[in-house]
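The next block holds one structure in the form of structure tokens; read it before the comments.
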Amino acid sequence: MQVKVFEAPDMATALKLVKESLGPEALILSTRSVRKGKGGLLGKPVLEVTAAIESPEPAVRPLVPPSAAANLYGRALGAAPVGESTTAEPEVNYADLWRRRRVIDPLEQELDALKGQVSSLNVDSLRSEINELKELVKGAVESRVGAEPAPAARRPGQPAIVRMMETLLARGLSEGVAEVIVKRALRNYPPKNRSITLEAFLAAAMVDLIRVTHPLAPGRGPRTLALIGPTGVGKTTTVAKLAADFLLNQGRKIALVTIDIYRIAAAEQLKVYGEIMQLPVDVVLSPEQLRQVLERHRDKDLILIDTAGRSPRDKAGIDELEKFIGTGSGVENHLVLSATTREQELFGAIRRFGRLPIDSLIFTKLDECEGLGSILNVHFKHDCPLSYLTNGQRVPEDLLPADPRQLAGMVMGKLKE
């Protein structure tokens, strides 16, 4: 910036001097009146004006020819090299080049990092998952547009995933469980045997997902089993079925015990079964008495304990039951549930009886159900193995050891068949 001081007798003369010296773009910074001459304060007053104007910055000459700099960085900046364009290119100095490199270098580093990440990904797997999502979205949109969708079997052009989902949901399976089964089924899709039905194909996919246990399998040694669960699910009848099946197939020593002192009919019913099968039956009133009875029957190969039905909301009742067969009692607890119970209540029963150690789930009254999807919903959510299923009142004929293939077929087929 160029600054100059001007003196004049008046403002008009001062402005004329500023304009002639600095030009019309000059700025007046200050004005003041001063007295000069030998008279001092009595001297003649003079107007002093301070003005300034911006000085033009000298152009920075590049140390290398502009054409060379442009050729060096032109391609990185997206410009054509010198000699390949008919239009004149602006001069590029080192300051411009340095500024641009500060922008370009970080971008190039990010690009290299992205290339490394992409190269490490399984592109085929990602593509497969994206295609599956596309089919699911497409099917969801189709199922919500227009009238009610036709059954899966009548829609040959429908995406396979959507047809699988609809088929499973129609069997009472939840969306989460259906998605797990479909994901497993897609590993073997399309099926090698093209004549297989969709229901049979999905049933085969279920088999590997169902966990079962066989507590009374031969060669497992002496066992003490207690059947627990809500009221009215058929615990006493199931105890009799287990005892009869074990007696017929293995012919070994059995003892029956009941701690159901709330229903006289329950103890009497178990005694009747005991007399028919010629098995000892003990009625236990306290945890201490139960320990004495178990000690007395330690020579038996199997001890089956029938318990009083408890409402899942009966906290005091479950607390009392825990004193008999809780942790450390040496008793295996098998939770008996009715397949006719609403799914929400099944979840509630498992949550509240879960205060006791539970070794397996037993589902009864399959013969009274229209569908068995709720069994798999409960099984998958709580990851508790299935041990037995019952489908009638006959002893012991209507007792089925849990078998993944059989259960999958029942879920996907017709129960009457």
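The values are calculated or read from the model by the stated rules, or taken from the named source; none is laboratory data. Just so you know, these numbers come straight off a predicted model, no measurement behind them. All Cβ positions, glycine included, derive from the backbone under ideal geometry; neighbour counts span all protein chains shown.
The residue that is modelled with the highest pLDDT, among those in segment 294-308 that are within 15 Å of Thr258 (Cβ to Cβ) and part of a loop (DSSP other than H, G, I, E, B), is His297. Go through the residues of segment 392-415 one by one and say whether even a single one is surrounded by 21 or more Cβ atoms within 10 Å (Cβ to Cβ) and either hydroxyl-bearing (Ser, Thr, Tyr) or in contact with a Cys (Cβ under 7 Å, 6 or more places away or on another chain) (or both). There is no residue in segment 392-415 that is surrounded by 21 or more Cβ atoms within 10 Å (Cβ to Cβ) and either hydroxyl-bearing (Ser, Thr, Tyr) or in contact with a Cys (Cβ under 7 Å, 6 or more places away or on another chain) (or both). A Cβ distance below 6 Å, combined with a sequence gap of six or more or placement on separate chains, defines the contacts here; from segment 213-225, residues that are touching a residue at least 40 places away in the same chain (Cβ under 8 Å) reach residues that are hydrophobic (A, V, I, L, M, F, W, C) in the pairs Leu216/Phe246; Arg223/Leu302; Thr224/Ile303; Thr224/Val331; Leu225/Leu304. If I filter segment 362-376 for residues that are surrounded by 15 or more Cβ atoms within 10 Å (Cβ to Cβ), in contact with a Lys or Arg (Cβ under 7 Å, 6 or more places away or on another chain) and polar (S, T, N, Q), do I get at least one hit? No, segment 362-376 contains no residue that is surrounded by 15 or more Cβ atoms within 10 Å (Cβ to Cβ), in contact with a Lys or Arg (Cβ under 7 Å, 6 or more places away or on another chain) and polar (S, T, N, Q).
Looking at segment 312-417, the helices (runs of 4 or more DSSP H) lying wholly inside it that each contain 2 or more residues that are among the β-branched types (Val, Ile, Thr) and closer than 25 Å to Val180 by Cα sit at 373-382. Of the listed requirements (1) in contact with a Lys or Arg (Cβ under 7 Å, 6 or more places away or on another chain); (2) modelled with pLDDT under 85; (3) of a type outside the set (D, E, K, R), Ser21 misses just one: (2).
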